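See below for the structure under consideration.
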Amino acid sequence: MTSVNGRSLLELIDGADERGLAAAGLACLDRCLPLFAPDGADALRPVWAAVARGDGNAWGEAVAKARVELDADGTQDAGAVRAMLAEAPAAWTAEALRAWAGDCSVAALALHGRYDAAGVSDGLVERCRAGDADGAGPLLAGELRRQQAVLETVAHGPTGLRRARELSVEGGRVLRAVVSRRARTA
């Protein structure tokens, strides 16, 4: 599965600017937040606003504030989500944001794969990121599509950020429903 424009997720991350990278990492974090803090989406609003403005100073402050607001104990999955937030760079630089967006991409795909009915086999996450999603179940494939769509829409400028937020909200709802359903049947 490649993206609509034929580029893999890795290529999209490599070609993104600071705003696209910040949005990509933040969107992954936002979609996985239900595993960590089901009611925590409000804590990320100032971070999204900083991305919209492309303001590196506001970014660093908003990330620091979100870390404080979302500091809580939780499961192993919550630890992975917490790590996404903890590793968010204070510096608004392409290099720092690219590394963070890449790490968030891997973590989000792995978490979605863990909850996917098909599971996640060795190397599947990296193959998906490189454009080969054979063997990915619906939850993992959906997360891959959302990650690609976020990078593609944000590349069109600030108006694409609204679509990125919509994709994150949608993805968070999907993951929340899967986790809830799994908890009821356990």
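Of note:
- Residues in the stretch 23-39 carry Karplus couplings, in order, of 5, 5, x, 5, 5, 4, 4, 4, 5, 8, 3, x, 6, 10, 9, x, 10 Hz; the curve used is 6.51 cos²θ - 1.76 cosθ + 1.60 with θ = phi - 60°, and Gly or Pro positions show x.
- Seen through its C-alpha gyration tensor, with square-root eigenvalues sorted a ≥ b ≥ c, the stretch 34-74 comes out prolate because a/c lies at 1.5 or above while a/b is bigger than b/c.
- Local electrostatic count, residue 181, Cβ distance below 14 Å [Lys/Arg +1, Asp/Glu -1]: +3
- Estimated 222 nm signal from helices in the chain, with DSSP H stretches of n ≥ 4 weighted -39500 (n - 2.57), rounded to 500: -23500 deg cm²/dmol
- Judged by the ratio a/c of the largest to the smallest principal axis of the C-alpha gyration tensor, the stretch 101-151 counts as rounded, that ratio being less than 1.5.
- The stretch 144-150 - phi-based ³J(HN,Hα) in whole Hz, Karplus 6.51/-1.76/1.60, Gly and Pro as x: 4, 4, 5, 4, 5, 5, 4
- Relative contact order of the chain, defined on C-alpha pairs under 8 angstrom at six or more residues apart (%): 33 percent
- Tensor-based shape of the stretch 1-100 (alpha-carbon gyration tensor, a/c under 1.5 rounded, otherwise prolate or oblate): oblate
- Net charge in the neighbourhood of residue 35 (other residues with Cβ under 11 Å of its Cβ; Lys, Arg +1, Asp, Glu -1) is +3.
- More than 26 angstrom apart: percent of Cα pairs within the chain: 23 percent
- Comparing Cα centroids, the stretch 8-76 and the stretch 120-179 end up 15 angstrom apart.
- Charge-dipole axis of the chain as Lys and Arg at +1 and Asp and Glu at -1 on Cβ define it, positive-most pick from 10, 37, 185: 185
- Unpaired cysteine residues in the chain (no second Cys Cβ under 4.7 Å): 32, 128.
- Solvent-accessible area per residue in the chain equals 46 Å², computed with a 1.4 angstrom probe and all protein chains kept.
- Charge context of residue 68, other residues only, Cβ under 14 angstrom, K/R +1, D/E -1: -1
- When the P(r) is computed for the stretch 62-168, the part past 25 Å accounts for 25% of the Cα-Cα pairs.
- For the stretch 32-110, the relative contact order comes to 32 percent (Cα pairs under 8 Å, sequence separation of at least 6).
The values are calculated or read from the model by the stated rules, or taken from the named source; none is laboratory data. Keep in mind that this is a model prediction, so the values were computed, not measured. Because the Cβ atoms are built from the backbone with ideal geometry, glycine has one as well, and the counts that use them run over all protein chains shown. When the accessible area is computed, the model is the full protein with side chains, heavy atoms only, and any ligands, DNA or RNA have been set aside. Shrake-Rupley method; radii C 1.70, N 1.55, O 1.52, S 1.80 Å.
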